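One structure is given here, and the rest of the page talks about it.
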Amino acid sequence: ASARGLVKQTSSTFGILLPSLTSSFMAALLNGVVNAARERNYSAIICHTGDDGKGTLNYLNILSEQRVSGVIIASEFVKDEYIERVSAMNIPVVLVSTICEHKLIPYIKVNDKAAAAHATKYLIERGHRKLGMISGTKGDPIAGALRVEGFRQALKDAGIPFEEKQVV
């Protein structure tokens, strides 16, 4: 495998970029990805980019130097410079729990607006009228803002007034 990697100038290693290592979602994601990789004789280089994403470009450069065969970017706002860097690496990339403006980048993500609306509607249908929402970061463009939007829409559809204090 190493000799083949030298000829192809790639490896049986890929990078996974994560903003957090403490959430149960990230732990489950990382566990699943690493286990699936191991079953296929791949290794993962785990890159903790931080919640602010400051380490992302640096890690992409390191992964390029390591000639990884692919990159997974999880739960992070994807900037144009990241896409440019990955494109220059000429390797597959997939986004998990995030999206970007570049429609050519494949992604796996829940429809946060629809999910929040569905959950809110479920509670309303069971007679609940005083609802609150723990949204995470309200202004988060990846999930938080969309979840709040879905919550608000479901309340509106049911004729229940929305108040900002309902969202924390």
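Of all the options Ser69, Ser20, Ser135, the one that moves most in a Gaussian network model of the chain with Cα springs shorter than 10 angstrom is Ser135. Taken per residue, the accessible surface of the chain reaches 62 Å², heavy atoms only and a 1.4 Å probe. Our helix-only sum for the chain, with -39,500 (n - 2.57) per DSSP H run of n ≥ 4 divided by its residues, gives a mean residue ellipticity at 222 nm of -13000 deg cm²/dmol.
If you wrap the chain in the convex hull of its Cα atoms and look at it from every side, the mean projected area works out to 11.4 nm². Axis angle, to the nearest 10 degrees, between helix 80-89 and the longest C-alpha principal axis of the chain: 30 degrees. Ignoring any ligand, DNA or RNA, what whole percent of the accessible area of segment 16-68 comes from carbon and sulfur when the probe is 1.4 angstrom? Of the solvent-accessible surface of segment 16-68, carbon and sulfur hold 49 percent. Taking 0.36 nm per residue of separation and subtracting the Cα-Cα distance, what length does fully extending Asn58 through Asp80 add? Here the answer is 6.5 nm.
Give the carbon-plus-sulfur fraction of the accessible surface of segment 74-126 in %, rounded to a whole number; probe 1.4 Å, heavy atoms of protein chains only. Ligands and nucleic acids excluded, carbon and sulfur reach 58 percent.
Approximating the spin labels as points 7 Å out from Cα along Cα→Cβ, the Ala115-to-Ser87 distance works out to 2.9 nm. Restricting to lysine pairs 8 or more places apart or on different chains, what number in the chain have Cα atoms under 24 Å apart? Final tally of qualifying lysine pairs is 26.
The values are calculated or read from the model by the stated rules, or taken from the named source; none is laboratory data. All figures in this text were calculated on a predicted structure; none of them were measured in a lab. Because the Cβ atoms are built from the backbone with ideal geometry, glycine has one as well, and the counts that use them run over all protein chains shown. The protein model used for the area step is the full one, side chains on, heavy atoms only, and it has no ligands, DNA or RNA in it. Shrake-Rupley method; radii C 1.70, N 1.55, O 1.52, S 1.80 Å.
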